[in-house]
1. Can Phe88 be described as aromatic (Phe, Trp, Tyr) and either at pLDDT below 90 or in contact with a strand residue (DSSP E or B) (Cβ under 7 Å, 6 or more places away or on another chain) (or both)?
2. Does the stretch 67-77 hold any residues that are touching a residue at least 24 places away in the same chain (Cβ under 8 Å) and farther than 16 Å from Trp53 by Cα, and which are they?
3. Of all the residues that make up the stretch 78-97, how many are without any contact (Cβ under 8 Å) to a residue 12 or more places away in the chain and either of a type in the set (Ser, Thr, Tyr) or surrounded by 13 or more Cβ atoms within 10 Å (Cβ to Cβ) (or both)?
4. Anything in the stretch 68-106 that is more than 15 Å from Ile38 (Cα to Cα), assigned to a helix (DSSP H, G or I) and within 11 Å of the chain's Cα centre (by Cα)? List them, or say none.
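The values are calculated or read from the model by the stated rules, or taken from the named source; none is laboratory data. Bear in mind that the values here come from a model prediction, so they are computed numbers and not experimental data. Here the Cβ is made from the backbone with ideal geometry for all residues, glycine too, and neighbour counts use every protein chain on show.
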Amino acid sequence: MSAVPAFQPPPSVSDHRHSARLMNAAIAIADACVRSEIECFAVGSEHGGQLWWNLDDTEWRDAESRTFAQASIARAVRYIELRSPDAFPWTLLRHPERPELVRFEDKAQP
């Protein structure tokens, strides 16, 4: 997978009066969309009766789109790994023998 560039906030974020609200909104958007980044860009296939997403493969074949898709997948996985496990109503699980494969398991509702 390609290296994902570090996030650089735009100059407008330096206005501290709004940065906390902006950060909260950005996190809420990222939390809501991060799973779909993997589901949209990674190739999904069934293994053992479960749907697994291949982090190393994408349906996009032209070089520019493929690079974009792979960077999006890597960024999404990194965000999930950095975020609290309690942040999502699901858990990202890696295949025990093939670490490039992941799946989502919904958490039981109380």
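1. no
2. Within the stretch 67-77, Thr67 is the sole residue that qualifies.
3. 2
4. Of everything in the stretch 68-106, just one residue is more than 15 Å from Ile38 (Cα to Cα), assigned to a helix (DSSP H, G or I) and within 11 Å of the chain's Cα centre (by Cα), namely Leu82.
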